[in-house]
1. On the given criteria, is V152 modelled with pLDDT of 95 or more, surrounded by 14 or more Cβ atoms within 10 Å (Cβ to Cβ), within 24 Å of G16 (Cα to Cα) and aliphatic (A, V, I, L, M)?
2. Would you point out the residue of segment 40-56, among those that are out of contact with any helix residue (DSSP H, G or I) (no Cβ under 7 Å at 6 or more places or on another chain) and not in a loop (DSSP other than H, G, I, E, B), that is surrounded by the fewest Cβ atoms within 10 Å (Cβ to Cβ)?
3. Mind counting the residues in segment 94-134 that are out of contact with any Lys or Arg (no Cβ under 9 Å at 6 or more places or on another chain), farther than 14 Å from A163 by Cβ and of a type outside the set (G, A, S)?
4. What residue, among those in segment 156-171 that are of a type in the set (A, V, I, L, M) and within 11 Å of the chain's Cα centre (by Cα), is surrounded by the fewest Cβ atoms within 10 Å (Cβ to Cβ)?
5. Determine whether V125 is modelled with pLDDT of 95 or more, assigned to a loop (DSSP other than H, G, I, E, B) and surrounded by fewer than 24 Cβ atoms within 10 Å (Cβ to Cβ).
6. Could you tell me whether segment 77-92 includes any residue that is over 26 Å from P124 (Cβ atoms), touching a Ser or Thr at 6+ places or on another chain (Cβ under 8 Å) and among the aliphatic types (A, V, I, L, M)?
7. Failed condition for A17, given (1) in a loop (DSSP other than H, G, I, E, B); (2) in contact (Cβ under 8 Å) with a residue 60 or more places away in the chain; (3) within 24 Å of D144 (Cα to Cα), with all others met?
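The values are calculated or read from the model by the stated rules, or taken from the named source; none is laboratory data. Just so it is clear, the model here is predicted, and its values are computed rather than measured. With ideal geometry, Cβ positions are generated from the backbone for all residues, glycine too; neighbour counts draw on all protein chains shown.
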Amino acid sequence: MSATNAAPPLPAAGIGAAAAAVRALAARGWQVATAESCTGGLVAALLTTEPGSSTNVLGSIVAYVDAVKVAQLGVDPGVLAAHGAVSEATALAMAEGVRARLGADVGVSVTGLAGPAGDARGNPVGRVWIGLATLDGARATRFDFSGDRHAVRLAAAIAALDAVRAAASAR
């Protein structure tokens, strides 16, 4: 990889969001699992920068292609056919799937488009769905981030970490 194409080092904002998420998980006694598509493991990478995070981070499944979403996360192929990979339904299925398969208290998922182009369904670059599943249920939130590929991926990872922190902090 040339220096001009290299991903930047993990930024302080991402590390700070990860630290807050790990503190909230530890205070609640929860463990998290991540299911990542467009972030390619960045959420898990940020979480594991925290010393002692192995107590609260179970693992991650990077499901970049639909076949992996189906095989490893249990996403119904019908959901992908009807809604596409970049959708609320897929984000929910990914979060619920990783939570169940890894036995976590909370599952977080990220699916979206970091660029360089949108998709055939009309989703633009920067469209990201973040799913969150706990024992209390699941929800997904849509984001429309701006910037280049690295900026979109980082913004999505920070939003996912913030969702984990908020869920673990809620009483």
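1. Yes; evaluated as a whole, the condition is true for this residue.
2. S54
3. 6
4. A159
5. Values: modelled with pLDDT of 95 or more: yes; assigned to a loop (DSSP other than H, G, I, E, B): yes; surrounded by fewer than 24 Cβ atoms within 10 Å (Cβ to Cβ): yes.
The answer is yes for V125.
6. Step one: list which residues in segment 77-92 are over 26 Å from P124 (Cβ atoms), which gives none.
Within segment 77-92 (the criterion being over 26 Å from P124 (Cβ atoms), touching a Ser or Thr at 6+ places or on another chain (Cβ under 8 Å) and among the aliphatic types (A, V, I, L, M)), the answer is no, since none of the residues qualifies.
7. Of everything listed in (1) in a loop (DSSP other than H, G, I, E, B); (2) in contact (Cβ under 8 Å) with a residue 60 or more places away in the chain; (3) within 24 Å of D144 (Cα to Cα), A17 misses just condition (1).
Residues checked against (1) among the hydrophobic types (A, V, I, L, M, F, W, C); (2) within 23 Å of L154 (Cβ to Cβ):
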| site | (1), (2) |
| --- | --- |
| E36 | no, yes |
| V65 | yes, yes |
| G74 | no, no |
| H83 | no, no |
| A91 | yes, yes |
| A100 | yes, no |
